[in-house]
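Enquirer: Starting off with a structure, shown below.
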Amino acid sequence: MIGRSLIWIDWKRMRGALLRESAVRFFLFLLLGAIFEAMLLSGGINRYMSDRWRVTAVLRLSVTAVEGEGMARKAAGLPEVHSAEYRSPETSWKEFVDAYPVMEALRAAGGNPLPGYVEIRMRPDRFTEGDFRSVETVLKPLPEVEKILSGGETLSRLLRVSRWMNIMFWAGYCILCAVSFSVFFLQEKARATLLSGDFEYLRERGVPARAIPLSRAAAAAFAGGLLSLAAMGATVSIFIALSGRLPAFSRVIGSYAEILSFPFLIPWALFIPASTILSGGASLLGWRAAQSRPR
Amino acid sequence: MTVSRHLAVIASCLAACLLFLAPAHAADQSEKLRKEKARLVEMKEKAEKTAAELAETLRREKMSRSRMNDFEARLAKQRRLIAGIDRRLSILGGQMERTERAVRALDEERGRVQGTLNSESREVFAGDRMWIGVRAEDSSGERSRYFARRVLSEEMSRYGRLTADREEKERVLSGIERRIVDSERRMAAQVKVGDKLATQQGEEKKRLAEIEAKKKKKAAELRALRSRIARMEALVSRIERQAGKKERGGKEVRKGGPARFTGVPGGLVRPLEGKVIGRFGKQRDPVFDVDVENRGVEIEAPSGAVIHAVGKGEVVFVGGVSGFGRVLIVQHGSGLFSVYGKAGGFSVKQGQAVAAGEAVGQLPASPDGKSVLYLELRAAGTAIDPTVVLPLSR
């Protein structure tokens, strides 16, 4: 009975402060969860980059629309490829004129001088130089293909930038995690300090010294688990809502289908225990810090 | 026919007059007739001269006409040539116009392409100059730049083709210009030749008109001459009749002589050895291009050949007759006469009797060594073909 009442001692003694702290923790969990999910879905900057930097297989002028579609299907079947779309010569010309309006006059000199092409989007998780070369190796020998455009010399620089950006993102996320942990720790320390008189009273009346911090840590871990679960739920809801409304969100973060796919549910499942451990750890550390403080 | 009838009427009148006139007046009348005959001979000579002049005029007319035809043919050829050159010039002009248009179009196209190339190159390669390291463009930018480069390279090659085309067209144009200049020069030369021909033709036309006028004048003179000859012929006939009358009046030996040449005593001989070149009867005159009635034949023989009497008879006339030169008339019987004309001279006198084959004269000298004897045989006032009664070679 003593043990169970000890778990809820903070709630009994400082209900208002605990509610405020829980709200802060929820938002922190929400932030951490959202970033974690976004990072997992997008692969850092990879999804954005794979959307902007695609492989273009420029087809020959003699290639028909049917052949172009066939080419696109063939390319889409490659494991490195997220999607592949055939663009007709007319579309090529339209895009070209949009890019260089002054060249519209050229059409008057004859027919459409541009061929069609197949635009290949790499998977965010396969956005590497090796994967690019692999796709090129498959497409280049095809007789319908005139030229493969994959960034050329710029590609390796882009990939380097992408790698560094990802490292920075993850580093930033780690810092955010550390900051959150610090916040939790400070909250725990402050509460433990405030409740130190109560804990002293209990110890004087025979409550084991180790039972109090463990009970409190268990309570904090449980609350943290619940909060992170709620935060993750909110994150998923927000993501689903945004991916349906903002196309840019899908391009940068991911689509609705991907959010709920199995590969991305596992990290989610890991995030909740991690949050639980983090909360419990913060409670223990906060207790210890409060105890070692000179009276 | 009308002339013959008139001649018959005149002859009848003359015969009637002679019948009424006394034989005592015969000698005077004969003298008058001789004078008249001499006058007529003179007239005939004049007429012959006129005929010769007319022949010359006709020859010149023929020449002039042939020259005119030649001029016309040359002028027609000239006109065809000029028309051909003109056609060629117009074709060349059309070609030149087309080529100039093509050159202008090529120039415009070339200028447009060059302008587009410049502006496009600036735009396409602007990204290259703006960024160092990572380019701020995505894959669509890369694609657009690839397409732009591709289009620009095509445009560059088109520009090169246009330049080559333009140079080719200019070369063609300069060739056409050269050909036009050449054609114009040739045309000017041909026009000059044509003008000259036209001038010559005009002159020839004028000359022809003059010849025509002269010809008309000469034809009128010829008509007059013919009428005079006819009159002369009538007078000769009259002489014949007069001679016949004289015979009858004088009761000479020839009364009751042969009435046909086949009956001439001693037979008939050839007047000389030669070839008949002028036949008896109606013939086409090659000089005047008219039908001429020949009353005798012309025998060609060496100059100076001796003329023999064709039969026994009496010389009734020796003298000159217009158109026949020296003439000898021999009477062989009742109404039978042989006439020898165009002779150089005669060795017999009027009233002298001649035997068949007796030398009576000789042919005149001629530069080409050949002369012609005119032989006419008359029976009962009518000329007969000598080749029928004489063995003349044709």
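Enquirer: Would you pull out the residues with amide H under 5 Å of A:Ser83's amide H, same chain only if 5 or more places away, H placed 1.01 Å from N?
Expert: Under 5 Å from the amide H of A:Ser83 lie the amide H atoms of A:Arg121, each far enough along the sequence or on another chain.
Enquirer: Which of the trypsin sites (Lys or Arg not before Pro) found in the stretch B:289-355 are loop residues per DSSP with 11 or fewer other Cβ atoms within 10 Å of their Cβ? Mind showing how you got there, number by number?
Expert: Working: sites: B:Arg295, B:Lys312, B:Arg326, B:Lys342, B:Lys349; in loops: B:Arg295, B:Lys312, B:Lys349.
When the trypsin sites (Lys or Arg not before Pro) of the stretch B:289-355 are filtered for loop state and at most 11 Cβ neighbours within 10 Å, B:Lys349 remain.
Enquirer: Can you tell me which of A:Gly111, A:Gly130, A:Gly233 moves the most in a GNM of chain A? Springs connect C-alpha atoms under 10 Å apart.
Expert: Result: A:Gly111 has the largest fluctuation of those listed.
Enquirer: Here is a follow-up. Quick one: which residues, 5 or more positions from A:Leu59 or on another chain, have an amide H under 5 Å from its amide H? H modelled 1.01 Å from N in the peptide plane, none for Pro or chain starts.
Expert: For A:Leu59, whose amide H was placed from the backbone, the distant partners under 5 Å are A:Gly116, A:Tyr117, A:Val118, A:Glu146.
Enquirer: Could you pull out every residue, at least 5 positions away or on a different chain, whose amide H is within less than 5 Å of the one on B:Asn294? Hs are placed 1.01 Å off N in the peptide plane, and Pro or chain starts have none.
Expert: Hits under the 5 Å cutoff: B:Gly281, B:Lys282, B:Gln283.
Enquirer: Based on alpha-carbon centroids, what's the gap between the stretch B:148-196 and the stretch B:294-358 in Å, whole number please?
Expert: Cα centres, the stretch B:148-196 to the stretch B:294-358: 90 Å.
Enquirer: Among rounded, prolate and oblate, which fits the stretch B:258-394 when a ≥ b ≥ c are the square roots of the eigenvalues of its C-alpha gyration tensor, a/c under 1.5 means rounded, and a/b larger than b/c means prolate?
Expert: On the way: a/c = 1.60, a/b = 1.22, b/c = 1.31.
Because a/c hits 1.5 or more and a/b fails to exceed b/c, the stretch B:258-394 counts as oblate.
Enquirer: Same structure again: Using a simple charge model, +1 on the beta-carbon of Lys and Arg, -1 on the beta-carbon of Asp and Glu, nothing else, what dipole does the stretch A:54-150 show about its Cα centre, in debye to the nearest 20?
Expert: On the way: 13 positive and 15 negative charges, 24 e Å.
Magnitude of the dipole: close to 120 debye.
Enquirer: Follow-up question, since we're still on this one. Excluding same-chain residues fewer than 8 positions from B:Lys77, which lysines have a Cα within less than 21 Å of its Cα?
Expert: B:Lys192, B:Lys196, B:Lys205
Enquirer: For the protein assembly as shown, build the charge dipole from Cβ charges (+1 Lys, Arg; -1 Asp, Glu) around the Cα centre, then report which of B:Leu58, A:Leu229, B:Ser237 sits farthest towards its positive end.
Expert: It is B:Ser237.
Enquirer: Within the stretch B:258-394, how many Lys pairs that are eight or more residues apart, or on different chains, come under 18 Å at the alpha-carbon? Display every interim value, and only then the final one.
Expert: On the way: B:Lys275/B:Lys342; B:Lys275/B:Lys370; B:Lys312/B:Lys349; B:Lys342/B:Lys370.
Counting lysine pairs in the stretch B:258-394 gives 4.
Enquirer: Ok, one more. Between beta-carbons, use under 13 Å as the cut-off and find the net charge around B:Gly361, counting Lys and Arg +1, Asp and Glu -1. Write down the numbers at each step before the final one.
Expert: Details: positive: B:Arg326, B:Lys342, B:Lys349; negative: B:Glu358.
Every neighbour counted, the sum reads +2.
Enquirer: Another one. For the protein assembly as shown, build the charge dipole from Cβ charges (+1 Lys, Arg; -1 Asp, Glu) around the Cα centre, then report which of B:Val297, B:Gln283, A:Phe264 sits farthest towards its positive end.
Expert: Towards the positive end, the residue furthest out is B:Val297.
Enquirer: Would you mind counting up the charge near B:Gly381? Only other residues with Cβ under 10 Å from its Cβ, with Lys and Arg at +1 and Asp and Glu at -1. Provide the component values of the computation, followed by the final result.
Expert: On the way: positive: B:Arg241, B:Arg378; negative: B:Glu240.
Around B:Gly381, the surrounding residues sum to +1.
Enquirer: Let's see if you can work this out: charge +1 on each Lys and Arg Cβ, -1 on each Asp and Glu Cβ, no other charges. What is the dipole magnitude of the stretch B:258-394 about its Cα centre, in debye to the nearest 20? Don't skip to the answer; put the middle values down first.
Expert: Details: 14 positive and 12 negative charges, 46 e Å.
Dipole of the stretch B:258-394, to the nearest 20 debye: 220 debye.
Enquirer: Under 16 Å Cα to Cα from A:Lys74, which lysines show up? Leave out anything in the same chain fewer than 8 places away.
Expert: A:Lys140
Enquirer: Using only atoms on other chains, find how many Cβ atoms lie within 10 Å of each Cβ of peptide A:97-103 and report the average.
Expert: Values: counts 1, 2, 10, 10, 1, 8, 12.
Shielding by partners across A:97-103 averages 6.
Enquirer: Quote the charge dipole size of the protein assembly as shown about the Cα centre in Debye, to the nearest 20; the model charges only the Cβ of Lys and Arg (+1) and of Asp and Glu (-1).
Expert: On the way: 112 positive and 79 negative charges, 529 e Å.
Using only the charged Cβ atoms, the result is roughly 2540 debye.
Enquirer: In whole Å, what are the extents of the protein assembly as shown along the principal axes defined by its C-alpha atoms, from largest to smallest?
Expert: Over the protein assembly as shown, Cα extents along the principal axes are 229, 42, 39 Å.
Enquirer: Below 14 angstrom from the Cβ of A:Arg133, what's the summed charge of the other residues (Lys, Arg +1; Asp, Glu -1)? Don't skip to the answer; put the middle values down first.
Expert: Numbers: positive: A:Arg126, A:Lys140; negative: A:Glu80, A:Glu129, A:Asp131, A:Glu136, A:Glu153.
Local charge sum for A:Arg133: -3.
Enquirer: Between A:Thr137, A:Leu194, A:Ser162, whose Cα lies farthest towards the positive end of the dipole of the protein assembly as shown when Lys and Arg beta carbons carry +1 and Asp and Glu beta carbons carry -1, centred on the Cα centre?
Expert: The residue sitting most towards the positive pole is A:Thr137.
A short reminder: the numbers here are calculations on the coordinates, not readings from a lab. Quick caveat: nothing in here was measured; it's all calculated off a predicted structure. Counting neighbours? That spans all protein chains shown, and the Cβs are built from the backbone with ideal geometry, glycine included.
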